[in-house]
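Have a look at the structure below, then the notes.
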Amino acid sequence: MKTLTALVIALISAAVLFSAPASAEVTRAQVQAELAQARANGELPNYGTDFGYTAPVAKQAAKSRAEVRAELKAAREDGTIDAQNADRGTPAKAEQNRLATTKAKTDATAE
């Protein structure tokens, strides 16, 4: 019975102690002003840059989309695109590469 009474008294006193209103010594505006002051003075660490990370900055494109599309159209018309990509992705080119590799291996082992 004594244990139960002690437990009840402890719980009630804990509830009374923790239910007291928090006393605000400074206002929200004061805290925000102190924060702004600390940031301005460099007193707060900038965790984003401490480890070599900086937030990405949006960059203005050097060319407009219309300019890029016009360049692409001109390259297609004068054959520049076809000349650059002529040897890529065709079955004939893949076979040439396979044969060249096989020949190089054969020549290397023959020496």
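Every read-out reported here was derived from the displayed coordinates using simple, explicitly stated rules and does not represent laboratory data. Because the structure is predicted, anything quoted here is derived from the model rather than measured. Quick reminder, even Gly has a Cβ in these numbers, built from the backbone with ideal geometry, and neighbours come from all protein chains shown.
How much length would be gained if the chain were fully extended between Ala36 and Met1, taking 0.36 nm per residue of separation minus their Cα-Cα distance, in nm to one decimal?
Between Ala36 and Met1, full extension yields an extra 6.9 nm.
For Ala74 and Gln60 in one chain, what is 0.36 nm times their gap in residues minus the Cα-Cα distance, to one decimal in nm?
The span from Ala74 to Gln60 would gain 2.7 nm if fully extended.
Simple spin-label model, 7 Å along Cα-to-Cβ: Val8 to Leu44 in nm?
Calculated label separation equals 5.0 nm.
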